[in-house]
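My questions all concern the structure below.
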Amino acid sequence: MERPALWFAGAAVSELPAGAEDTVSVTIPRRLFEHWDTAAGSWSLEPGIFHLRAGTSSADLPLMTDIRVGLAGADALRLG
């Protein structure tokens, strides 16, 4: 399945004073890991390793992690 190199998955807003830190959560909809299966006539979960990035803008993505979706040994994920 071809995918763009990067695509927007979600956002969170946290207003803090300079130098402060915060933890935010972003729910990634299950549909972002699916594709339309014409043979089945429905959405199908696409197994694979997805690279998640986070930052202040698309030009500044210093935080990264990989997740395994639909593969043996995949991390437990709650996909919305």
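Can you tell me which residues in the stretch 12-29 are touching a residue at least 12 places away in the same chain (Cβ under 8 Å) and open to solvent by less than 80 Å² (accessible area, probe 1.4 Å)?
Residues of the stretch 12-29 touching a residue at least 12 places away in the same chain (Cβ under 8 Å): 12, 24-29.
Correct list: Ala12, Val24, Val26, Ile28, Pro29.
Looking only at the stretch 30-44, how many residues end up being open to solvent by 100 Å² or more (accessible area, probe 1.4 Å) and in contact (Cβ under 8 Å) with a residue 40 or more places away in the chain?
Count: 0.
A follow-up question, please. Which ranges mark the strands (runs of 3 or more DSSP E) fully within the chain that have 2 or more residues being out of contact with any Ser or Thr (no Cβ under 8 Å at 6 or more places or on another chain) and at pLDDT 85 or above? I'd like the intermediate steps shown before the answer.
Values: elements: 34-37, 42-45, 48-54, 63-69.
Per the criteria, 42-45, 48-54, 63-69.
Still on this model: Quick check: is even one residue across the stretch 53-60 in contact with a Pro (Cβ under 6 Å, 6 or more places away or on another chain) and surrounded by 10 or more Cβ atoms within 10 Å (Cβ to Cβ)? So that I can check it myself, show each step before the final result.
In the first step, residues of the stretch 53-60 are kept if they are in contact with a Pro (Cβ under 6 Å, 6 or more places away or on another chain); the result is 55.
If we keep only those that are surrounded by 10 or more Cβ atoms within 10 Å (Cβ to Cβ) too, we end up with 55.
Checked against the condition, which is being in contact with a Pro (Cβ under 6 Å, 6 or more places away or on another chain) and surrounded by 10 or more Cβ atoms within 10 Å (Cβ to Cβ), the stretch 53-60 yields at least one hit.
Are there any pairs with C-beta distances below 7 angstrom linking a residue in the stretch 45-64 that is farther than 14 Å from Ala12 by Cα and in contact (Cβ under 8 Å) with a residue 24 or more places away in the chain to a residue that is aromatic (Phe, Trp, Tyr) and open to solvent by less than 50 Å² (accessible area, probe 1.4 Å), with the two at least 6 apart or on different chains, and if so which?
Leu45/Phe33; Glu46/Phe33
The values are calculated or read from the model by the stated rules, or taken from the named source; none is laboratory data. This structure is a prediction, so every number in the text was calculated from the model and none was measured. Cβ: placed from backbone, ideal geometry, glycine included. Neighbour counts: every protein chain shown. Just so you know, the surface numbers come from the protein's heavy atoms only, side chains and all, with ligands and any DNA or RNA stripped out. Shrake-Rupley method; radii C 1.70, N 1.55, O 1.52, S 1.80 Å.
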